[in-house]
Amino acid sequence: GVGMGMTAPVSITAFPAEDGSFQQKVKVSLRIPSQFQANPPSPTDESIKIEERGGMTIYSTQFGGYAKEADYVSHAAKLKAALGSDAAYRKDFYLCNGYDPPMKPIGRRNEVWFVKE
């Protein structure tokens with residue numbers, strides 16, 4: 001019963017398949033606004049869970065435009081190539097982040113994050 005509005009970034013946890021594409025399983029995460037952090041409203045839908053995301057160190061790349069799955073996959077591959085084989089990061093998932101509302105046509109910001117091990 002409480003409207004919280006949209007927050008940024010919208011974070012999608014991608015679980016890559018062998019070919020780099022997303023598996024059917026993805027998780028979409030939204031940040032709970034600051035005023036609700038201490039006591040977030042309880043979800044009424046069982047598929048919605050409240051999770052606390054701890055601090056992390058990430059490897060990141062940024063790009064513009066309206067991001068689609070293919071864009072995230074492509075930029076994840078470029079980030080992987082740039083890091084080479086020496087960087088230790090989680091290989092079982094990565095995070096795809098969008099910062100802008102759909103109505104913003106230019107100056108859009110998207111990021112791919114690999115979580116450092």
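The values are calculated or read from the model by the stated rules, or taken from the named source; none is laboratory data. All of these numbers come straight from a predicted model, not from anything done at the bench. Every residue, glycine as well, gets a Cβ built from its backbone with ideal geometry; the counts of neighbours run over all protein chains shown. Calculation scope for accessible area: heavy atoms of the full protein, side chains included, ligands and nucleic acids excluded. Shrake-Rupley method; radii C 1.70, N 1.55, O 1.52, S 1.80 Å.
Quick notes on this one:
- Options 59, 66: the member that is among the hydroxyl-bearing types (Ser, Thr, Tyr), in a loop (DSSP other than H, G, I, E, B) and either out of contact with any Asp or Glu (no Cβ under 8 Å at 6 or more places or on another chain) or surrounded by 11 or more Cβ atoms within 10 Å (Cβ to Cβ) (or both): 66
- Residues of region 99-117 classified as more than 20 Å from residue 13 (Cα to Cα) and under 15 Å from the mean Cα position of the chain (by Cα), total: 0
- Residue check, residue 42 within 29 Å of residue 117 (Cβ to Cβ) and outside any strand (DSSP E or B): no
- Region 69-78: number of residues that are open to solvent by less than 60 Å² (accessible area, probe 1.4 Å) and either in contact with a Phe, Trp or Tyr (Cβ under 6 Å, 6 or more places away or on another chain) or closer than 19 Å to residue 28 by Cβ (or both): 5
- Across region 17-35, the qualifying residues are those that are under 19 Å from residue 54 (Cα atoms) and in a strand (DSSP E or B), and the one among them that is least open to solvent (accessible area, probe 1.4 Å) is 29.
- If only residues of region 79-98 that are within 16 Å of the chain's Cα centre (by Cα) and open to solvent by 60 Å² or more (accessible area, probe 1.4 Å) are counted, the one that is modelled with the highest pLDDT is 90.
- Selection from region 36-47 of residues that are surrounded by fewer than 10 Cβ atoms within 10 Å (Cβ to Cβ) and either at pLDDT 90 or above or not β-branched (Val, Ile, Thr) (or both): 38, 39, 42, 45, 46, 47
- Checked against (1) touching a Cys at 6+ places or on another chain (Cβ under 6 Å); (2) open to solvent by 90 Å² or more (accessible area, probe 1.4 Å), residue 14 passes all but condition (2).
- Scan region 100-114 for residues that are on the phi < 0 side of the Ramachandran plot and surrounded by fewer than 16 Cβ atoms within 10 Å (Cβ to Cβ) and the total you get is 6.
- Of all residue pairs spaced 6 or more apart or on separate chains, those with beta-carbon atoms under 7 Å, a first member in region 19-40 that is closer than 11 Å to residue 4 by Cα and a second member that is open to solvent by 80 Å² or more (accessible area, probe 1.4 Å) and β-branched (Val, Ile, Thr) are 40/50.
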